Amino acid sequence: MEKQISSDTIEKWLKAWSLSRELPLPVQYKSGFMVEVGYEKQRKRYVFPECNADFIELAEAINEPWVFLKVCTSFDEFKNEIPQRWALQPQGYMMYCTSPMKFNDRNLPDDYRFAYNQYDSTIVVYIMRNNKVASSGRIVFVDGLAVYDRISTEKDHRRKGLASLLMKELEKIALSEGFSANFLVATEEGKNLYESLGWKLYSFYTSIVIEGE
């Protein structure tokens, strides 16, 4: 069941998102937050815990491309209040888990292995095969919250349970560091996996952008 997300949780998650990508930390922008991303097709991102006047006013003021506005609600809540120049992006879902995840009794296939890397407060877990990355994910610890980020499996290695095994390894790291409050933003595809592991929906996470060349 969706519920209102706090500004404090958004700030923690966005800080972890920035640390995972080695970007500048978020700064307060009215009732939301802003990150100077600096990518060619994502110059900045503004994130708001709710759709309010600050969000609508910003959508009306921005005309330049590749500035993302993100808000923790569904598109239906504000689609008639913003200019038509904004394009809806694939739906995201903020999710949380505060109890042990539910895993099948399965081990890595014989020709796969785990590998690890760390930078600052981010720990990266890889599942490797023949010295190539088959699956990977990151976990970032911020102010009591374990944020799971950039979970992905390469196309040729899907349908083998690698994503679940990767999540299990990330959870093991979180528990070893004393963290039991887990948080992530899922895609439509990822949401089903995380729900099967025991994660619950916190809120919709809707993104819009003015697309450019």
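Points worth noting:
Residue-by-condition table, conditions (1) surrounded by 20 or more Cβ atoms within 10 Å (Cβ to Cβ); (2) closer than 14 Å to Val147 by Cβ; (3) modelled with pLDDT of 95 or more; (4) in contact with a helix residue (DSSP H, G or I) (Cβ under 6 Å, 6 or more places away or on another chain):
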| position | (1), (2), (3), (4) |
| --- | --- |
| Met1 | no, no, no, no |
| Ser6 | no, no, no, no |
| Ser20 | yes, yes, yes, no |
| Leu25 | no, yes, yes, yes |
| Tyr29 | no, no, yes, no |
| Val47 | yes, yes, yes, yes |
| Asn52 | no, no, yes, no |
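- Of all the numbered requirements in (1) surrounded by 11 or more Cβ atoms within 10 Å (Cβ to Cβ); (2) assigned to a strand (DSSP E or B), Tyr116 misses one, and that requirement is (1).
- Summed over region 125-171, residues that are in a helix (DSSP H, G or I) and not aliphatic (A, V, I, L, M) total 7.
- Within region 1-41, if we keep just the residues that are over 15 Å from the mean Cα position of the chain (by Cα), of a type in the set (S, T, N, Q) and outside any loop (DSSP other than H, G, I, E, B), the residue that is farthest from Thr206 (Cα to Cα) turns out to be Gln28.
- Residue count, region 61-113 (criterion: assigned to a strand (DSSP E or B), surrounded by 13 or more Cβ atoms within 10 Å (Cβ to Cβ) and under 22 Å from the mean Cα position of the chain (by Cα)): 11
The values are calculated or read from the model by the stated rules, or taken from the named source; none is laboratory data. This one's a predicted model, so the numbers in the text were calculated from it and none came from an experiment. Positions of Cβ are generated from backbone atoms using ideal geometry, with glycine treated the same way; all protein chains shown enter the neighbour counts.
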